[in-house]
C-alpha cells in the first residue's frame, strides 16, 4: 500500500481494507495476477544482444545506469507465465485532496505478468 495523503497510515490502511474490491477469477482463466516481487524472482534482465545483465529481484537496477529502451525482462522458466494466482496481492493507493481533507481517492490495481494473445 502506498499513499500521497495527509491521513494517518492506520486510517489509510483501514479505508483500503474496507473498500477493497472483491475479485472472482474464472476457473478457466490462464492469465492470473501476481505480485511484482513474485514476477521479478522469475525473470532475468537481458540486453538487446541477448546477454543476461542481472537478476532483477536481487539487483539495484537503477544503479546500473541502463537506458530503458535497450533492455527487457525475460522469464527464466516459461511455466511461470500463468501468474501467482489467488495469493497475489491487491495494491492500493490513497490520495487525499485538500487540507482539511475534502476528498479521498482510493486506487486499487493488480499486477498481471502476462496477458493472452488477442484473438480477432
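The values are calculated or read from the model by the stated rules, or taken from the named source; none is laboratory data. All values derive from a computational prediction rather than experimental measurement. Neighbour counts are summed over all protein chains in view; Cβ atoms, including those assigned to glycine, are modelled from backbone coordinates with ideal geometry.
For segment 58-82, a residue qualifies if it is surrounded by 11 or more Cβ atoms within 10 Å (Cβ to Cβ), modelled with pLDDT under 80 and closer than 25 Å to residue 25 by Cβ, and the qualifying residues are 80, 81, 82.
When segment 7-20 is limited to residues that are part of a loop (DSSP other than H, G, I, E, B) and out of contact with any strand residue (DSSP E or B) (no Cβ under 6 Å at 6 or more places or on another chain), the one that is nearest to residue 109 (Cα to Cα) turns out to be 20.
State whether the residues of segment 39-56 include one that is closer than 30 Å to residue 15 by Cα, at pLDDT 85 or above and not in a loop (DSSP other than H, G, I, E, B). Yes.
Residue check: residue 107 meets all listed conditions (1) surrounded by 13 or more Cβ atoms within 10 Å (Cβ to Cβ); (2) assigned to a strand (DSSP E or B); (3) at pLDDT 85 or above but one, namely (1).
For segment 39-54, a tally of residues being surrounded by 12 or more Cβ atoms within 10 Å (Cβ to Cβ) and free of Cβ contacts under 8 Å to residues at least 12 places away in the same chain returns 1.
Of all residues in segment 22-38, those that are assigned to a loop (DSSP other than H, G, I, E, B) and surrounded by 15 or more Cβ atoms within 10 Å (Cβ to Cβ) total 3.
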